[in-house]
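Engineer: Structure in structure tokens, see below.
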Amino acid sequence: MTNDLQNDRQQPRVLGRVVATERRPNTPHEFHFWTALDSPVGIGTIVRVDGGTPVNGVIPHIYGIVVEGFSYTDLQTPLHDVLGHDGSPSAAAHAPTQRTEIRLYTAAVLRQMPEEPLQPVPMGEVSLANDDDVSVALRMDGYLKEGSRTGIPIGVYRAGGTDAPIYLDADFLLGPEAAHLNISGVSGLATKTSAVEWILSSVFAHFPAQKGSVASVCFNVKGPDLCFLDQAGDIDDADRALYEKCGVEPEPFENVRYYAPFKADGFTLNTLRSNEALSENVLPLTWGLREVLQYAEVLLNKDDVDAKADALIDFIRERVVDREFSDPDLLGAKRHLVRSFADLEVWFRDVLSAVERTNKESWRTHHVATIRKVRNRLSNISTRCAGLVTDAGTVSDLPFGSFEDRTVYVIDVASLEEDAQDLIFARVVTKLREHLEKRDLGVNHVVVFVDELNKYAPGDGQDTYVRKMLLDLAERGRYLGLVLFSAQQFRSQVHRRVVGNSGTALYGRMDADELATPGYAVLSPAVKTKLATLEKGQLMVRHPHFTQPIFVRFPRPAVMRGRDGVERFPQASDLSLDAAILRSLRTLDPSITINAVQELLMLHDEQDVIRARNATMREQPKDVLKFFRSQLRPLIAAQPVIRQVAAPIKSAPGDDPYGF
Amino acid sequence: MQVVEELVAAQDTSFRAVQRQLALHLFGTATSAGSDAALDAFISASEPPRLSEATLIESGPMRSRKVPGEPEVRFAAFLDGTQSSRIARYSGGIALIHGTVAAVVRARRDRRMVTWESPIIRHGLYAPRKHLDRATNEALDRTGIHVVDTSIDDAGPGLAVHPFALRDAAINRVRRAREAVEQKLAEQWCENEHDPLFIDGGLSGSERVAVSASSVGVVKSHRTLYAEGTALQTVLALEAGERSSVFRIAPAKRVPVASWYLRLRDAHARDPMWGLVRVEIAHPVRADEPRIGERADEVSRWILAEASPLSIPDARWDKMVYGVRDCEEFLEAIT
């Protein structure tokens with residue numbers, strides 16, 4: 001077998017012959033050929049045609065991919081077969097001769113060599129493409145040259161004896177020439193998320209050093225999908241062979257950091273990765289007033305934020321938050337320093353009280369009704385996004401400015417309300433963009449992975465801040481190094497400009513209804529059928545360098561699957577306050593004991609303790625317990641209460657039982 | 001697969017090429033262009049139908065016999081030939097006919113048909129040179145095309161000069177050329193193989209083939225019927241899966257063969273000849289004559305097994321087995 005393959009490589013075995021008729025001619029972009037019945041050719045197979053007549057002194061070689069197949073016999077109508085077997089299907093098995101049968105294929109041209117003059121495909125012999133042919137056919141030879149190699153393996157093309165790695169061009173995957181990757185496929189086949197995990201591994205392994213550093217921010221939007229990227233998963237020998245072929249180590253991600261908001265209790269992280277054994281790299285994600293106010297429009301719908309309300313929010317953002325505010329005319333000598341939602345509530349209360357007291361209808365052109373409305377909406381944010389947004393203004397954020405190369409930052413928003421998810425998307429992506437524009441993020445390129453794009457950037461429905469942000473990212477991100485890897489079940493339901501700007505598109509197994517939509521009209525019926533029946537681990541790839549979609553196999557990601565992770569690392573039950581505080585502080589100082597924490601907790605109220613914990617986690621001091629203690633409000637020594645005994649008005653006679 | 005193209009090697013001998021050559025070399029002579037229409041149908045339809053008495057080999061009078069047992073797949077290969085005759089040009093009102101003959105043996109392997117050895121294709125220009133003027137004959141020589149002189153068939157001084165007679169003579173020569181290539185392949189098979197060969201047509205043209213135990217000839221046309229009177233009625237009344245008694249055919253100057261009629265399909269409410277074939281095998285030596293009936297039953301079972309698949313859309317599908325149709329399709333593709 002090995003010898004056969006070697007021989008095949010030296011001199012390709014002829015598998016078929018090009019045919020053309022007046023009714024079905026060959027063109028510069030399409031040709032037809034027939035093969036033996038047992039040939040390994042199928043839909044998606046890449047073939048090479050060697051022409052017979054030199055053009056300008058050069059024998060033309062044409063590379064094509066099979067997009068359609070036909071099979072028929074010399075039977076004129078099915079009825080003849082019925083007659084021939086007396087209406088008995090089982091009798092057909094006894095026929096001594098099988099009818100003459102043809103396998104006729106249509107192939108779309110991938111590349112013609114030489115490329116000029118572009119002529120219809122000539123008659124010639126057809127053979128399977130070998131590794132080198134695949135490289136030429138897909139124009140990968142242009143970016144796999146030694147010294148200027150920018151190839152990122154995406155999988156392996158397999159047909160007959162050919163097992164060729166397929167590379168994407170990093171310049172067209174992560175910018176600046178083109179960028180973004182979009183993947184579609186039905187749910188439940190472990191294709192979309194697995195493919196993205198594998199491609200991220202491949203990007204981290206092969207991203208060219210001359211192009212700088214790269215990190216990834218992944219939003220975990222459902223279940224435990226991305227919660228165990230740093231844990232090794234089960235892969236088999238076939239997967240290992242694919243990893244080896246693609247030059248990627250079958251290892252989980254080395255550097256992963258998890259971020260999750262707290263639950264409403266303010267001290268339990270709202271993530272499925274809550275097992276204590278994995279808590280080391282799980283960090284809280286909490287924002288205060290300042291962080292949220294900039295993205296207030298994410299949380300407030302258009303009915304809320306009319307022009308008047310918008311003006312007041314701008315006023316608060318510019319003139320009230322984070323600065324000393326005074327208004328002698330209305331508030332007299334009282335001064336406000338608004339740094340949290342709690343401070344803002346006090347400010348609103350004072351302003352409204354003063355306005356009511358003076359019987360004014362407006363203050364600084366803002367009608368009192370508008371002030372009440374904005375107060376209501378803003379105050380509500382900390383309730384709606386409890387756990388993410390804190391009244392106290394505590395901030396625990398991604399390390400904008402100190403992102404690290406080849407690191408994955410996972411933000412677990414799976415259990416959050418939609419408002420909180422939107423807020424996180426908006427703020428994180430905006431901050432990434434701002435830092436990349438200023439070139440101070442810490443890395444040169446960031447891959448943002450968003451699943452369920454149907455939901456966040458739908459093709460119809462009202463325009464949302466998140467959709468606008470994703471559109472902006474899709475259209476301008478490549479210049480900044482901000483790259484969107486997105487996934488969804490139904491590509492047709494995603495905003496056209498988002499998927500349209502994805503230079504690379506991947507397709508897993510597709511739903512037949514989805515394939516019937518106009519977006520797939522360019523695919524042949526056979527390719528659609530293949531897409532509708534694609535196995536796990538197979539993808540159809542469209543990339544700017546490939547003139548036709550290519551089918552590849554990719555290995556299972558070498559990380560633990562979400563379901564396995566949840567079984568192996570069960571979610572911790574909701575912690576008591578002291579256990580939660582202990583767990584947080586132990587990530588900074590493992591020597592801290594539960595007794596030490598409990599002693600402090602007995603003396604302070606819950607909010608005070610949480611605030612101190614947040615401050616400690618933010619500061620990460622050397623002496624953790626000492627710093628934590630210092631953040632608690634000082635205790636005032638208890639004063640003994642002396643009961644004053646009131647003197648009777650008149651004393652009752654000792655023998656007067658009624659006291660009169 | 002190597003195709004044996006004979007007569008004019010290294011020269012394009014296709015119909016169009018020959019037409020061009022003739023137009024070039026006969027330019028200025030009294031000639032006119034030919035026609036694309038195939039002529040072969042004329043001659044086959046014009047053979048007079050006749051009855052011929054045959055001597056029975058099998059005991060008893062001519063009668064129908066049910067072929068016992070189940071159909072049995074034994075044929076290893078099928079042989080057939082094709083011919084094509086078209087008028088390349090007229091010279092002085094005489095047709096110069098381009099003839100192509102071809103033959104192939106298609107062997108059955110794993111229920112699929114493949115070509116055995118090499119098919120044979122022969123092209124030629126069939127012309128009655130005695131009836132052509134000198135200039136035309138000289139022009140024909142200059143073309144380099146292989147010319148078969150059809151005038152050699154002429155007998156005596158009363159030479160038929162009716163153009164149709166000359167045309168028929170040419171077509172007959174083409175037919176003989178076709179039979180020759182068929183016989184050549186059949187002889188090759190009989191020399192080299194031992195498995196049964198299904199030959200479309202009779203066996204008696206070649207002695208080597210006619211005496212071989214591995215050749216079976218199956219004749220579809222019944223312009224000559226080897227039965228008369230009640231015997232004929234018996235033959236025409238054969239039911240599907242029945243055969244007639246075996247008889248001897250001994251044409252003049254040819255090798256005698258054993259033959260019988262066999263009904264392949266139910267002809268109820270159809271033409272009496274429908275599904276009727278005549279089978280030829282090697283004539284048994286005298287000692288084997290008593291067992292000729294068993295041999296006929298055996299070969300009949302082989303032929304009945306070939307009734308499926310149908311050779312539709314060929315109009316002769318009632319009599320033609322699929323292997324023979326495959327030979328014809330193959331030859332049509334390469335000629």
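The values are calculated or read from the model by the stated rules, or taken from the named source; none is laboratory data. Here the structure is a predicted model, which is why all the values come from computation and not from measurement. Methodologically, a virtual Cβ is constructed for each residue, glycine included, from the backbone with ideal geometry; neighbour enumeration extends over all protein chains shown.
Engineer: Report whether or not residue B:99 is touching a Phe, Trp or Tyr at 6+ places or on another chain (Cβ under 6 Å), crowded, with 23+ Cβ neighbours inside 10 Å and of a type outside the set (A, V, I, L, M, F, W, C).
Structural biologist: On the way: touching a Phe, Trp or Tyr at 6+ places or on another chain (Cβ under 6 Å): yes; crowded, with 23+ Cβ neighbours inside 10 Å: yes; of a type outside the set (A, V, I, L, M, F, W, C): yes.
Criteria met by residue B:99.
Engineer: Going residue by residue through region A:145-154, is there one that turns out to be acidic (Asp, Glu), out of contact with any strand residue (DSSP E or B) (no Cβ under 6 Å at 6 or more places or on another chain), under 30 Å from residue A:556 (Cα atoms) and not assigned by TED's automatic domain parsing to the domain that holds residue A:69? Lay out the reasoning, then the answer.
Structural biologist: Step one: list which residues in region A:145-154 are acidic (Asp, Glu), which gives A:146.
Still in the running and out of contact with any strand residue (DSSP E or B) (no Cβ under 6 Å at 6 or more places or on another chain): A:146.
Cutting the leftovers down to under 30 Å from residue A:556 (Cα atoms) gives us A:146.
Adding the requirement that they be not assigned by TED's automatic domain parsing to the domain that holds residue A:69 leaves A:146.
Yes, region A:145-154 contains a residue that is acidic (Asp, Glu), out of contact with any strand residue (DSSP E or B) (no Cβ under 6 Å at 6 or more places or on another chain), under 30 Å from residue A:556 (Cα atoms) and not assigned by TED's automatic domain parsing to the domain that holds residue A:69.
Engineer: Working only within region B:306-327, note down all residues that are surrounded by fewer than 20 Cβ atoms within 10 Å (Cβ to Cβ) and within 11 Å of chain A (Cβ to nearest Cβ). Let's see the steps before the verdict.
Structural biologist: Step one: filter region B:306-327 for residues surrounded by fewer than 20 Cβ atoms within 10 Å (Cβ to Cβ), giving B:313-317.
Within region B:306-327, B:313, B:314, B:317 qualify.
Engineer: Let me ask another. Check residue A:564 against each of (1) among the acidic types (Asp, Glu); (2) in contact (Cβ under 8 Å) with a residue 40 or more places away in the chain; (3) farther than 30 Å from residue A:198 by Cβ; (4) surrounded by 13 or more Cβ atoms within 10 Å (Cβ to Cβ) and name the one condition it does not meet.
Structural biologist: Result: residue A:564 passes all but (3).
Engineer: A further question follows. Just one of A:209, A:195, A:232 is free of Cβ contacts under 8 Å to residues at least 12 places away in the same chain and either more than 24 Å from residue A:488 (Cα to Cα) or under 13 Å from the mean Cα position of the chain (by Cα) (or both); which is it?
Structural biologist: Numbers: A:195 fails: free of Cβ contacts under 8 Å to residues at least 12 places away in the same chain; A:232 fails: free of Cβ contacts under 8 Å to residues at least 12 places away in the same chain.
Answer to the check: A:209.
Engineer: Among what's in region A:353-394 and is of a type in the set (Val, Ile, Thr) and buried (at least 16 other Cβ atoms within 10 Å of the Cβ), pick the residue that is nearest to residue A:614 (Cα to Cα).
Structural biologist: Looking only at region A:353-394, we keep the residues that are of a type in the set (Val, Ile, Thr), and these are A:355, A:358, A:365, A:368, A:370-371, A:374, A:381, A:383, A:389-390, A:394.
Those still in the list that are buried (at least 16 other Cβ atoms within 10 Å of the Cβ) too: A:355, A:370-371, A:374, A:381, A:389-390, A:394.
Values: A:355: 36, A:370: 34, A:371: 32, A:374: 28, A:381: 20, A:389: 13, A:390: 11, A:394: 7 Å.
In this case the residue turns out to be A:394.
Engineer: Residues that are part of a loop (DSSP other than H, G, I, E, B) and either touching a His at 6+ places or on another chain (Cβ under 8 Å) or at pLDDT 80 or above (or both): does region A:579-587 have at least one? Steps first, please.
Structural biologist: Residues of region A:579-587 that are part of a loop (DSSP other than H, G, I, E, B), as a first pass: A:587.
Right, trim to either touching a His at 6+ places or on another chain (Cβ under 8 Å) or at pLDDT 80 or above (or both) and you get none.
No, region A:579-587 contains no residue that is part of a loop (DSSP other than H, G, I, E, B) and either touching a His at 6+ places or on another chain (Cβ under 8 Å) or at pLDDT 80 or above (or both).
Engineer: Restricted to region A:96-125, and to residues that are under 21 Å from residue A:42 (Cβ atoms) and surrounded by fewer than 16 Cβ atoms within 10 Å (Cβ to Cβ), which residue is farthest from the other protein chains (Cβ to nearest Cβ)?
Structural biologist: A:102
Engineer: Could you check, for region A:72-95, whether at least one of its residues is more than 10 Å from chain B (Cβ to nearest Cβ), touching a strand residue (DSSP E or B) at 6+ places or on another chain (Cβ under 9 Å) and not in a loop (DSSP other than H, G, I, E, B)?
Structural biologist: There is at least one residue in region A:72-95 that is more than 10 Å from chain B (Cβ to nearest Cβ), touching a strand residue (DSSP E or B) at 6+ places or on another chain (Cβ under 9 Å) and not in a loop (DSSP other than H, G, I, E, B).
Engineer: Checking residue B:204 against (1) more than 15 Å from residue B:258 (Cβ to Cβ); (2) of a type in the set (S, T, N, Q); (3) buried (at least 18 other Cβ atoms within 10 Å of the Cβ), which test does it fail?
Structural biologist: Condition (1) is where residue B:204 drops out.
Engineer: Now for a different question. If only one of A:472, A:422, A:405 is surrounded by fewer than 22 Cβ atoms within 10 Å (Cβ to Cβ) and closer than 29 Å to residue A:514 by Cα, which one is it? Before you say what the answer is, go through the steps one by one.
Structural biologist: On the way: A:422 fails: surrounded by fewer than 22 Cβ atoms within 10 Å (Cβ to Cβ); A:405 fails: closer than 29 Å to residue A:514 by Cα.
Of the residues listed, the single one that is surrounded by fewer than 22 Cβ atoms within 10 Å (Cβ to Cβ) and closer than 29 Å to residue A:514 by Cα is A:472.
Engineer: Could you please let me know if residue A:256 is buried (at least 17 other Cβ atoms within 10 Å of the Cβ), in the same structural domain as residue A:416 (by TED's automatic domain parsing) and under 13 Å from residue A:410 (Cβ atoms)?
Structural biologist: On the way: buried (at least 17 other Cβ atoms within 10 Å of the Cβ): yes; in the same structural domain as residue A:416 (by TED's automatic domain parsing): yes; under 13 Å from residue A:410 (Cβ atoms): yes.
Yes: the conditions hold for residue A:256.
Engineer: Working carefully through the options A:324, A:345, A:318, find the one that is touching a helix residue (DSSP H, G or I) at 6+ places or on another chain (Cβ under 8 Å), at negative phi and surrounded by fewer than 18 Cβ atoms within 10 Å (Cβ to Cβ). Break it down stepwise before answering.
Structural biologist: Numbers: A:324 fails: touching a helix residue (DSSP H, G or I) at 6+ places or on another chain (Cβ under 8 Å); A:318 fails: touching a helix residue (DSSP H, G or I) at 6+ places or on another chain (Cβ under 8 Å).
None of the other options fit; the residue is A:345.
Engineer: Of everything in region A:22-38 that's within 14 Å of chain B (Cβ to nearest Cβ) and modelled with pLDDT under 95, which residue is surrounded by the fewest Cβ atoms within 10 Å (Cβ to Cβ)? Talk me through it step by step, then tell me what you get.
Structural biologist: In the first step, residues of region A:22-38 are kept if they are within 14 Å of chain B (Cβ to nearest Cβ); the result is A:34, A:36-38.
Now narrow it down to the ones that are modelled with pLDDT under 95: A:36-38.
Details: A:36: 11, A:37: 10, A:38: 6.
The selected residue is A:38.
Engineer: Looking at (1) surrounded by fewer than 19 Cβ atoms within 10 Å (Cβ to Cβ); (2) assigned to a loop (DSSP other than H, G, I, E, B); (3) modelled with pLDDT of 90 or more, which is the only condition residue A:241 fails?
Structural biologist: Residue A:241 satisfies every listed condition except (2).
Engineer: Restricting attention to helices (runs of 4 or more DSSP H) lying wholly within region A:281-366, give those where 1 or more residues are more than 28 Å from residue A:396 (Cα to Cα) and either free of Cβ contacts under 8 Å to residues at least 60 places away in the same chain or under 36 Å from the mean Cα position of the chain (by Cα) (or both). Explain how you work it out, then say what you get.
Structural biologist: Working: elements: A:289-293, A:296-299, A:307-315, A:328-331, A:341-357.
Correct list: A:307-315, A:328-331, A:341-357.
Engineer: Residues in region A:125-132: is at least one assigned to a loop (DSSP other than H, G, I, E, B) and touching a Ser or Thr at 6+ places or on another chain (Cβ under 8 Å)?
Structural biologist: Step one: list which residues in region A:125-132 are assigned to a loop (DSSP other than H, G, I, E, B), which gives A:129-130.
Filter once more, so that each one left must be touching a Ser or Thr at 6+ places or on another chain (Cβ under 8 Å): A:129-130.
Yes, the conditions are met somewhere in region A:125-132.
Residue-by-condition table, conditions (1) within 25 Å of residue B:326 (Cβ to Cβ); (2) in contact with a strand residue (DSSP E or B) (Cβ under 9 Å, 6 or more places away or on another chain); (3) free of Cβ contacts under 8 Å to residues at least 60 places away in the same chain:
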| residue | (1), (2), (3) |
| --- | --- |
| B:195 | yes, yes, no |
| B:230 | no, no, no |
| B:275 | yes, yes, yes |
| B:278 | yes, yes, no |
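One line per residue, one yes/no per condition, for (1) buried (at least 24 other Cβ atoms within 10 Å of the Cβ); (2) among the aromatic types (Phe, Trp, Tyr); (3) more than 14 Å from chain A (Cβ to nearest Cβ); (4) in a strand (DSSP E or B):
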{"site": "B:81", "(1), (2), (3), (4)": "yes, no, yes, yes"}
{"site": "B:84", "(1), (2), (3), (4)": "no, no, yes, yes"}
{"site": "B:87", "(1), (2), (3), (4)": "no, no, yes, yes"}
{"site": "B:103", "(1), (2), (3), (4)": "yes, no, yes, yes"}
{"site": "B:108", "(1), (2), (3), (4)": "no, no, no, yes"}
{"site": "B:120", "(1), (2), (3), (4)": "no, no, yes, yes"}
{"site": "B:126", "(1), (2), (3), (4)": "yes, yes, yes, yes"}
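Engineer: Can you find even one residue in region B:291-305 that is away from chain A (no Cβ under 14 Å) and of a type in the set (Ser, Thr, Tyr)?
Structural biologist: So in region B:291-305, the residues away from chain A (no Cβ under 14 Å) come out as B:291-300.
Checking the rest, the ones that are also of a type in the set (Ser, Thr, Tyr) come to B:300.
Checking region B:291-305: at least one residue is away from chain A (no Cβ under 14 Å) and of a type in the set (Ser, Thr, Tyr).
To keep it simple, each residue is scored yes or no on (1) within 41 Å of the chain's Cα centre (by Cα); (2) of a type in the set (Ser, Thr, Tyr); (3) at pLDDT below 90.
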{"site": "A:46", "(1), (2), (3)": "yes, no, no"}
{"site": "A:59", "(1), (2), (3)": "no, no, no"}
{"site": "A:63", "(1), (2), (3)": "yes, yes, no"}
{"site": "A:68", "(1), (2), (3)": "yes, no, no"}
{"site": "A:73", "(1), (2), (3)": "no, yes, no"}
{"site": "A:77", "(1), (2), (3)": "no, yes, yes"}
{"site": "A:87", "(1), (2), (3)": "no, no, yes"}
{"site": "A:93", "(1), (2), (3)": "no, no, yes"}
{"site": "A:100", "(1), (2), (3)": "no, yes, yes"}
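Engineer: Filtering region A:75-95 down to residues that are surrounded by fewer than 12 Cβ atoms within 10 Å (Cβ to Cβ) and of a type in the set (A, V, I, L, M), which residue is farthest from residue B:265 (Cα to Cα)?
Structural biologist: Taking the candidates together, the pick is A:93.
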